[in-house]
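Each remark here refers to the structure printed beneath this line.
The values are calculated or read from the model by the stated rules, or taken from the named source; none is laboratory data. Everything numeric in this text was worked out from a predicted model, so none of it was measured. In this analysis, Cβ positions are derived from the backbone assuming ideal geometry, glycine residues included, and neighbour counts consider all displayed protein chains. Side chains are part of the model used for accessible areas, which takes the heavy atoms of the whole protein and leaves out ligands, DNA and RNA. Shrake-Rupley method; radii C 1.70, N 1.55, O 1.52, S 1.80 Å.
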Amino acid sequence: MAVSAITGARLTLGMPLSSPALTRRTTSPSLVMAVSIDHKVDNKLTLTKSEEAFAAAKELLPGGVNSPVRAFKSVGGQPIVIDSVKGSRMWDIDGNEYIDYVGSWGPAIIGHADDQVLAALGETMKKGTSFGAPCLLENTLAELVIDAVPSIEMVRFVNSGTEACMGALRLARAYTGQEKIIKFEGCYHGHADPFLVKAGSGVATLGLPDSPGVPKAATYETLTAPYNDILAVEKLFENNKGEIAAVFLEPVVGNAGFIVPTPEFLNFLRKITKDNNTLLVFDEVMTGFRLSYGGAQEYFGITPDLTTLGKIIGGGLPVGAYGGRRDIMEMVAPAGPMYQAGTLSGNPLAMTAGIHTLQRIKEPGTYEYLDKVTGELIQGIIEAGKRAGHAICGGHISGMFGFFFTEGPVYNFADAKKSDTAKFARFFWGMLAEGVYLAPSQFEAGFTSLAHTSDDIKKTIAAAEKVFREI
């Protein structure tokens with residue numbers, strides 16, 4: 001949801017957003033950018049180099065970015081351009097330092113640029129970066145995933161979460177012989193045509209394309225319902241008996257903000273899918289290995305038929321995976337007739353980073369620590385907001401969190417959209433000026449890592465208290 005630039009949000013101590021130093025655009029953007037940036041020693045935030053780089057990028061890339069949320073459309077203004085990351089910190093090309101709560105949108109669970117992972121990648125690169133043929137590293141990571149995730153007996157590695165969900169969708173249709181699927185408003189499963197659907201006003205309304213270029217035929221078999229709405233799902237099954245191949249969902253929503261399932265919702269979905277010979281598919285691209293070592297399904301004790309993964313299992317490199325029961329997965333080519341392939345699937349670099357990341361988070365105390373620091377963070381932010389008189393609600397599970405500028409509670413995307421997005425934008429820019437990088441949208445979850453310290457959390461809460469008073 002786009003909002004206008006927020007007048008008066010300060011990007012330096014005392015410098016308004018409208019300052020010429022921050023709004024200047026180059027007339028002939030330079031394509032020569034510094035490779036390494038000296039980190040600043042003061043706490044003033046200037047974005048001159050980011051502005052120059054982004055102006056150049058807009059001549060080269062659609063909207064200046066390679067993924068839309070990075071463009072800051074939801075919060076106004078223009079994005080910061082990152083130079084380097086380490087641990088819980090990131091630095092932009094102007095040398096500004098931030099405590100990072102985006103974590104590359106989830107993968108950086110042990111912290112950015114971990115020394116052990118980088119060393120392992122260095123050794124692997126000596127052997128080559130891509131083989132286009134089987135390698136032992138694929139077996140190792142597959143064993144780790146299968147041992148960890150309750151639903152996965154066999155796994156296929158791909159290169160992104162979108163690709164994983166595409167494969168899982170085709171597989172569900174191949175296995176069941178049915179074509180219709182149910183997805184939930186606000187749940188994002190990548191940019192494949194059948195998933196780019198907005199919910200209609202009626203719970204049983206067939207989806208309409210949510211993007212130009214998506215034909216109606218591609219989404220005709222996509223049914224939608226509000227998240228956490230049991231009655232809506234029951235009606236969809238009643239009106240489409242014997243026709244639904246799969247129910248797809250984020251077991252904890254992260255792409256509409258942080259929204260948790262009600263206690264009965266996941267149990268209901270497991271039962272109704274079993275009763276109707278429909279596959280239950282958990283999109284754990286975001287929640288996999290983050291809520292617990294076995295993902296959301298281990299955390300909630302609900303085992304789906306298929307699971308999609310990404311982010312953490314690649315340790316910061318491009319990766320995705322889908323897996324599930326052996327009898328379903330053996331339909332995937334070349335074991336079976338359901339075709340799916342990928343040139344860089346299972347490449348040694350992604351496998352190496354994934355292996356070393358999973359081995360680290362398997363160590364005792366990992367999820368207890370993530371829960372501790374994330375709980376302190378979200379409690380501190382919400383309490384500070386309420387003390388300053390703002391309507392705010394939120395929560396966390398392990399190292400995943402979120403908050404909304406609304407009284408709440410938030411059970412679905414319709415509830416989330418009641419948030420004051422203009423206020424969030426002011427809060428975002430205020431926090432950025434204080435050296436805290438949050439997701440640049442009200443409708444995105446946040447992430448902590450093992451590299452975040454108690455001092456990071458205290459600094460963030462102190463910054464939030466200051467910004468809440470100012471906005």
>> Residue pairs, Cβ under 9 Å, 6 or more apart or interchain, first in the stretch 117-129 and under 13 Å from Arg360 (Cβ atoms), second β-branched (Val, Ile, Thr). List them.
In response: Val117/Ile110; Val117/Thr352; Val117/Thr357; Ala120/Thr352; Ala120/Ile355
> Would you say Glu376 is part of a helix (DSSP H, G or I) and more than 16 Å from Met125 (Cα to Cα)?
Replying inline: yes
> If you go through the stretch 235-283 one residue at a time, how many are touching a Pro at 6+ places or on another chain (Cβ under 7 Å), open to solvent by less than 10 Å² (accessible area, probe 1.4 Å) and of a type outside the set (A, V, I, L, M)?
Replying inline: 2
> Given the structure, is Pro409 open to solvent by less than 20 Å² (accessible area, probe 1.4 Å), part of a loop (DSSP other than H, G, I, E, B) and either in contact with a strand residue (DSSP E or B) (Cβ under 8 Å, 6 or more places away or on another chain) or not polar (S, T, N, Q) (or both)?
Replying inline: no
>> Taking the condition of being touching a strand residue (DSSP E or B) at 6+ places or on another chain (Cβ under 9 Å) and closer than 22 Å to Ala451 by Cβ, how many residues in the stretch 396-406 meet it?
In response: 6
> Given the stretch 189-283, what strands (runs of 3 or more DSSP E) lie entirely inside it while holding 2 or more residues that are more than 28 Å from Arg325 (Cβ to Cβ), in contact with a strand residue (DSSP E or B) (Cβ under 7 Å, 6 or more places away or on another chain) and at pLDDT 95 or above?
Replying inline: none
>> What's the total number of residues in the stretch 427-454 that are in a loop (DSSP other than H, G, I, E, B) and either closer than 23 Å to Lys386 by Cβ or open to solvent by less than 20 Å² (accessible area, probe 1.4 Å) (or both)?
In response: 13
>> Which residue is surrounded by the most Cβ atoms within 10 Å (Cβ to Cβ), if the candidates are limited to the stretch 106-136 and must be touching a helix residue (DSSP H, G or I) at 6+ places or on another chain (Cβ under 7 Å) and under 17 Å from Phe401 (Cβ atoms)?
In response: Ile109
> Restricting attention to the stretch 171-185, which residues are closer than 15 Å to Val253 by Cα and surrounded by fewer than 24 Cβ atoms within 10 Å (Cβ to Cβ)?
Replying inline: Glu185
